[in-house]
Amino acid sequence: MKFGVRFSYLLPMEPDEVIEDGLIVVEDDRIIYSGSYKETGDIPVIDTRPSIGMPTLINTHTHTAMVAYRGLADDLPLFKWLQEYIWPAESKTVNEEMVSLSFKLAIAEMINGGTGAINDMYFFQEVAAEVMEEIGFRGLLGEGLIDFPTPSFKTPDEGIKKVENQLRMKNMYKFARFSVCLHAPYSCSPDLIIKGYEIAKEYDVPLHMHVAETLNEVQQITEKYRKRPVEYLESLGILHDKFISAHSVHLSDNEIEIFKERNVKVAHDPQSNMKLSSGIAPVDRYIKKGITVGLATDGAASNNDLDMFEEMRTAALLHKVRTMDPEVMNAKAVVRMATIESAKVIGFDDIIGSLKVGKKADFIVISLESPHMQPIYDPYSHIVYTAKSSDVKWVFIDGKPLKKEGKLTFISDEEVREIGMKLKDMVLNSLK
């Protein structure tokens, strides 16, 4: 099947130019034309004007199923939030049904806001893969390995076996890929970290980990190992070009150099870092050093949403006030961070992240019809500083519309409400 989509402005991201009166032509699941509008003959064209067309947004670090805990515990520092609220709640509520329901709800939220792919760390990821496959939503999934019992495994060795089983399932899915996830340097023993790295290398998949998220973490690791977190991981020999470092807030100059030398990728979570008072990652410095940085929301329990438009705006504004430099993190750089750079972080840049011929037909349509979207001078500026997730009217993944003319095509409003109520009952009943 062939069809075209016409836009007022097309942002292909490779190159990162603006094409006025743009057109994408899709055949089956691939882009076969991307450029200025031209006559297409018998190929039907969806005219979305006035609009902006761009790649789907990519969330490089999240805990998708944690939408079940949205608003459960707020206004707390990270360690208190984890140890006194989130981990106890998870121990009583996380199961296959909860993950399945939560993923459906979260994917609905993300598609609604133009996100088409994720890098996820959580539990029962084989269940998550089934939901993603059913909907047609793309992502990288990793079981969260940690030293203590979790809802999906009782010991680290059991967790390792579970991860290996998932990695062996890689050819079963079209939309889901599996990774290896280590929770953090403070929650994983050196032995577990090395085992996780060895499995990731064996299967040639990304290794995903929270690193240097808080000053408390830096203090803990420094006192225990006489090295800062990145220096400690470097001493274990696990840093490499498929290592995804989530947060990366508190890095020394030496640690930044290590990331550069090892070609480590960074997932930047500005809103979660702000909400938990973790700090501000100097990602403008990372980018200047040539470190690949993608954008992320973290989980909805610490954000409290999965809205990448909010994240783009926050990233742009936060770093300007941090550096007192209005030119830092300009709009084009931030849009790149949420699309093609994010695709590089999770290793999906061969298929998504830009609208090049031959790539998967994963793209969104942002409407310019609302009063706040007029007038328009620079589409990049509009996306970062003006647009809202509600302005996304179409979302195509693999050439299929998962959002069409402002409505989700794979789930009803009633089902969304029903899932929300069921998750709330599950959480509250388990905590009685």
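In whole angstrom, note down how far apart the Cα centers of segment 1-50 and segment 265-284 are.
Segment 1-50 and segment 265-284 have Cα centres separated by 35 Å.
Relative to the longest principal Cα axis of the chain, at what angle does helix 96-112 sit, 0 to 90 degrees, rounded to 10?
The angle comes out near 40 degrees.
Mind checking the full-extension length gain between residue 235 and residue 158? Use 0.36 nm per residue of separation minus the Cα-Cα distance, one decimal, nm.
Gain in length upon complete extension: 25.1 nm.
At 7 Å along Cα-to-Cβ for each site, give me the label-to-label distance between residue 289 and residue 40 in nm.
Taking the two extended label points, one gets 4.5 nm.
What net charge is computed for the residues neighbouring residue 15, neighbours being all others with C-beta under 13 Å from the C-beta of residue 15, Lys and Arg scored +1, Asp and Glu -1?
Cβ neighbours under 13 Å give a net charge of 0.
Calculated FRET efficiency, residue 18 and residue 174, Cβ-Cβ r, R0 35 Å, to nearest 0.05?
For residue 18 and residue 174, the calculated efficiency is 0.60.
Sort out for me the Cα centre separation of segment 63-89 from segment 286-318, rounded to whole Å.
Rounded to whole Å, the Cα centres lie 19 Å apart.
Once you have the Cα-Cα distance between residue 376 and residue 27, take 0.36 nm times their residue separation minus that, and quote the gain in nm to one decimal.
122.5 nm
Tell me the label only: which of [x] 69, 56, 47; [y] 65, 47, 41; [z] 87, 47, 45 is Cα extents along the principal axes in Å as calculated from this structure?
[y]
May I ask what percent, to the nearest 5, of DSSP beta bridges between residues of the chain are antiparallel?
45 percent
Counting other Cβ atoms within 10 Å, keep those with at most 14, restrict to DSSP loop, and tell me which trypsin sites (Lys or Arg not before Pro) in segment 1-70 are left.
Those that pass, being in a loop and sparsely packed, are 38.
Going by alpha carbons, how many degrees (0 to 90, nearest 10) lie between the helix axis of 308-323 and the longest principal axis of the chain?
That works out to roughly 70 degrees.
Cut-off 17 Å, label point 7 angstrom out along Cα-to-Cβ of residue 134: give me the residues of segment 149-182 whose amide nitrogen falls inside.
173-176
At what distance in nm do the modelled label points of residue 147 and residue 83 sit from each other, each positioned 7 Å from its Cα along Cα→Cβ?
1.2 nm
Could you please rank 188, 181, placing first whichever residue has the fewest other Cβ atoms within 10 Å of its Cβ?
By the 10 Å Cβ count, ascending: 188, 181.
Quick one: Karplus J couplings for segment 237-243, per residue in order, coefficients 6.51, -1.76, 1.60, θ = phi - 60°, nearest Hz, x for Gly and Pro?
Values, residue by residue: x, 9, 7, 7, 6, 10, 8 Hz.
Please tell me which of these pairs span more than 21 angstrom C-alpha to C-alpha: 2/400; 174/407; 344/407?
174/407; 344/407, as the Cα separations exceed 21 Å there.
What length, rounded to one decimal in nm, is gained on full extension from residue 96 through to residue 223, with 0.36 nm per residue of separation minus their alpha-carbon distance?
Gain on extension, residue 96 to residue 223, equals 41.9 nm.
To the nearest 10 degrees, how steeply does helix 156-167 sit against the main Cα axis of the chain, on a 0 to 90 scale?
20 degrees
Apply the Karplus curve 6.51 cos²θ - 1.76 cosθ + 1.60, θ = phi - 60°, to the phi angles in segment 205-210 and return the couplings in whole Hz, x for Gly and Pro.
Using θ = phi - 60°, the values come out as 10, x, 10, 10, 7, 6 Hz.
Can you give me the C-alpha center-to-center distance between segment 195-220 and segment 404-432, rounded to a whole angstrom?
So the two Cα centres are separated by 33 Å.
Using 7 Å Cα-to-Cβ label points, what is the residue 407/residue 203 separation (nm, one decimal)?
If labels sit at residue 407 and residue 203, their model points lie 4.0 nm apart.
Name the GluC sites (Glu not before Pro) in segment 202-252 that are in a loop by DSSP and that have at most 15 other C-beta atoms within 10 Å, would you?
none
Bear in mind that the values in this text are calculations on the coordinates, not laboratory data. Bear in mind that the values here come from a model prediction, so they are computed numbers and not experimental data. Ideal geometry is used to build each Cβ from the backbone, glycine not excepted, and the neighbour counts take in all protein chains shown.
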